[in-house]
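The values are calculated or read from the model by the stated rules, or taken from the named source; none is laboratory data. Since the model is a prediction, treat every value here as computed from it, not as a measurement. Every residue, glycine among them, receives a Cβ derived from its backbone with ideal geometry; neighbour counts consider all protein chains shown.
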Amino acid sequence: QETDTISTDRKATFPGGMKAWVKYLSKHAHFPSGFQIVNSDAVVVVVTATIDENGKIINVYLNAPFHPSFDAIALKAMRTAPNWLPAINHHRRIKTHINQPLTFLQEQ
């Protein structure tokens, strides 16, 4: 009896891995000018999205909004992101959902 030791299932991944994804987000999720946050030096906005069968990010929406200026930057960063490698389950590409926190750091 043979057993299949090679699994082709995978989660959706950004080309270059998580390190490349974090680098992309840090470049595109900039702190809006003209804002000063009191009692904190960081803001987190959580965006939920779907990565479709072709790796395209679709159905992007705010899961935990903060302020319209921050929210717009977070949504744009996600909507304009390069395609991912889609998730594969049982040799078929599938849609998958992600929750992505974006942290905006205030310059000191």
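Name every residue in the range 64-92 that is free of Cβ contacts under 8 Å to residues at least 60 places away in the same chain, assigned to a loop (DSSP other than H, G, I, E, B) and surrounded by fewer than 13 Cβ atoms within 10 Å (Cβ to Cβ), in order of residue number.
Listed by number, the list holds a single entry, Thr80.
Name the single residue, out of those in the range 93-102 being surrounded by 13 or more Cβ atoms within 10 Å (Cβ to Cβ) and of a type in the set (S, T, N, Q), that is nearest to Ser33 (Cα to Cα).
The selected residue is Gln100.
What is the one condition in (1) surrounded by fewer than 16 Cβ atoms within 10 Å (Cβ to Cβ); (2) in contact (Cβ under 8 Å) with a residue 40 or more places away in the chain; (3) aliphatic (A, V, I, L, M) that Val38 does not satisfy?
Failing condition for Val38: (2).
Among (1) out of contact with any helix residue (DSSP H, G or I) (no Cβ under 6 Å at 6 or more places or on another chain); (2) under 19 Å from Arg10 (Cβ atoms), which single condition is Ala49 missing?
The one condition Ala49 does not meet is (1).
In this structure, does Pro32 turn out to be more than 17 Å from Leu105 (Cβ to Cβ), of a type outside the set (Lys, Arg), out of contact with any Lys or Arg (no Cβ under 9 Å at 6 or more places or on another chain) and in a loop (DSSP other than H, G, I, E, B)?
no
Among the residues that make up the range 63-76, is at least one of them of a type in the set (Lys, Arg) and in contact with a helix residue (DSSP H, G or I) (Cβ under 8 Å, 6 or more places away or on another chain)?
yes
Scan the range 66-87 and tell me whether some residue there is at positive phi and not aromatic (Phe, Trp, Tyr).
no
So which of Tyr61, Tyr24 is of a type in the set (Ser, Thr, Tyr), surrounded by 14 or more Cβ atoms within 10 Å (Cβ to Cβ) and at negative phi?
Selected residue: Tyr24, the only one of Tyr61, Tyr24 that is of a type in the set (Ser, Thr, Tyr), surrounded by 14 or more Cβ atoms within 10 Å (Cβ to Cβ) and at negative phi.
Check the range 47-58 and report whether any residue there is hydrophobic (A, V, I, L, M, F, W, C), closer than 11 Å to Leu102 by Cβ and at pLDDT below 95.
No: zero hits.
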